[in-house]
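Read through the structure below, which is laid out as structure tokens, and then see the notes.
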Amino acid sequence: MPSGDNGGLEATVVRQHMGGHPAERIDDGVTRALDPRFVSVERIAGMIGTGIASAGIVAGVAVPVLAATLSPSIDRLLLGVGAVIILGLLARAWIWPEVAHRYRSYTVSPASIEIRKGVLWRRVASVPRTRVQHTDVSQGPLERRFGLGTLVIYTAGTEHSKVALSGLSHGTASRIRDHLLPVEEGDAV
């Protein structure tokens, strides 16, 4: 893919099957999209966050309105602003995960893993296998419910020494973790 052409990223990404196919090599250098189930996980997490924020907004608006210390026009303005903020949060929680998913991908080659993400500010992280210290695969409650996992790569060095890739099927995350682990003799862990 040309380095300046990131707008059509989703057209060049191989769509990953649910769970992947174990016979395929994980280090084939093909750019893959994250698991589409990750959009649902992010939407649910966004809705939970929106519910918590909405409770705070409702409480913040309700106190002055119910205390009747402000004029009716200010009360209506507060209610309107609170409603717009809540609707904006709901729209963001529902729409943004789908948009962001289009711009997230990863490529595993025999020598490295490259992670691309970002809609407005794009970021490419490339981690050579020689820099990998250890890896983890974790699952939160929502990820576990959807069969997904997060691959966490710890590298040598202090800056950017932890790289996380969320949105992988648990099996794919485990396969990448196994690929990135050093295969040196006498490596006692």
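The values are calculated or read from the model by the stated rules, or taken from the named source; none is laboratory data. Quick caveat: nothing in here was measured; it's all calculated off a predicted structure. Note that we place each Cβ from the backbone using ideal geometry, even for glycine, and neighbour counts take in every protein chain shown. What goes into the accessible areas is simple: the full protein's heavy atoms, side chains included, and nothing from ligands, DNA or RNA. Shrake-Rupley method; radii C 1.70, N 1.55, O 1.52, S 1.80 Å.
It is to be established whether one or more residues within the range 79-88 are open to solvent by less than 30 Å² (accessible area, probe 1.4 Å) and either out of contact with any Phe, Trp or Tyr (no Cβ under 7 Å at 6 or more places or on another chain) or over 20 Å from Pro182 (Cβ atoms) (or both).
yes
Every residue in the range 157-182 that is open to solvent by 30 Å² or more (accessible area, probe 1.4 Å) and out of contact with any Ser or Thr (no Cβ under 7 Å at 6 or more places or on another chain), please.
Within the range 157-182, Gly157, Thr158, Glu159, His160, Lys162, His170, Gly171, Arg175, Asp178, Pro182 qualify.
Criterion first (more than 14 Å from the chain's Cα centre (by Cα), charged (D, E, K, R) and open to solvent by 50 Å² or more (accessible area, probe 1.4 Å)) does Arg123 satisfy it?
So Arg123 fails the test.
Only one residue in Arg123, Arg144, Arg129 is within 19 Å of Ile44 (Cβ to Cβ) and not β-branched (Val, Ile, Thr), so which one is that?
Arg144
For the range 80-102, how many residues meet the condition of being β-branched (Val, Ile, Thr) and closer than 15 Å to Val119 by Cα?
Summing the residues that are β-branched (Val, Ile, Thr) and closer than 15 Å to Val119 by Cα in the range 80-102 gives 2.
Go through the range 44-91 and give me each residue that's within 34 Å of the chain's Cα centre (by Cα) and hydroxyl-bearing (Ser, Thr, Tyr).
Thr50, Ser54
Scan the range 129-178 for residues that are under 16 Å from Leu34 (Cβ atoms), in a strand (DSSP E or B) and in contact (Cβ under 8 Å) with a residue 40 or more places away in the chain and report the count.
The number of residues fulfilling the criteria is 9.
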